[in-house]
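Below: the structure, in structure tokens.
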Amino acid sequence: QVRLIESGGGLVQTGGSLRLSCAVSGSTFSGFAVGWFRQAPGKEREFVGAINWSGGSTSYADSVKGRFTIARDNAKNTVYLQMNSLKPEGTAVYCCAAAAGNYGRYPNYYRYWGQGTQVTVSS
């Protein structure tokens, strides 16, 4: 069974940075694409970005493009989400998800999900 565990969330001021990690276990990590999603209270789950199995291709939501970066270390079975210039509207629970093959921008594309980590951006 594939398990995903997020870490690195917390409280940060507007303009600050955080790096989230998504540790994947239980299968051949290098065969999975990984996506990041976030969900704020009362709002739908929102695509943040994704990375393919090799790390050679990424995709980002327009709202985070240029501020967030996704990278992966297949030797450590971990994907990272570096978030810079954070804004209060970035306050949400951030989840990573995994899918065999290439990445997608919609939640129902992903089969495996982590529990999420809270990110709070204070104004």
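The values are calculated or read from the model by the stated rules, or taken from the named source; none is laboratory data. Remember, predicted model here, so these are calculated numbers, not experimental data. Glycine also receives a Cβ, built like all others from the backbone with ideal geometry; neighbour counts cover every protein chain displayed. The area values use the complete protein model at the heavy-atom level, side chains included, leaving out ligands, DNA and RNA. Shrake-Rupley method; radii C 1.70, N 1.55, O 1.52, S 1.80 Å.
Among the residues here, residue 64 does not qualify as within 19 Å of residue 111 (Cβ to Cβ) and either part of a strand (DSSP E or B) or modelled with pLDDT of 95 or more (or both).
Counting residues in the range 94-101 that are open to solvent by less than 50 Å² (accessible area, probe 1.4 Å), at pLDDT below 95 and part of a loop (DSSP other than H, G, I, E, B) gives one or more.
Checking 105, 72 one by one, the residue that is assigned to a strand (DSSP E or B), touching a Gly at 6+ places or on another chain (Cβ under 9 Å), closer than 15 Å to residue 33 by Cβ and of a type in the set (Lys, Arg) is 72 and no other. Regarding the range 53-60, can at least one residue be identified that is surrounded by 14 or more Cβ atoms within 10 Å (Cβ to Cβ), more than 13 Å from the chain's Cα centre (by Cα) and under 18 Å from residue 116 (Cβ atoms)? So far as the range 53-60 goes, no, none of its residues is surrounded by 14 or more Cβ atoms within 10 Å (Cβ to Cβ), more than 13 Å from the chain's Cα centre (by Cα) and under 18 Å from residue 116 (Cβ atoms). Selection within the range 75-91: residues that are in a loop (DSSP other than H, G, I, E, B) and farther than 14 Å from residue 119 by Cα. The member of this set that is farthest from the chain's Cα centre (by Cα) is 75. Among the residues making up the range 1-57, those that are in contact with a strand residue (DSSP E or B) (Cβ under 8 Å, 6 or more places away or on another chain) and of a type in the set (Phe, Trp, Tyr) are 32, 36, 37, 47, 53. Count of the range 15-37 residues, restricted to those that are surrounded by 21 or more Cβ atoms within 10 Å (Cβ to Cβ) and touching a Lys or Arg at 6+ places or on another chain (Cβ under 8 Å), is 4.
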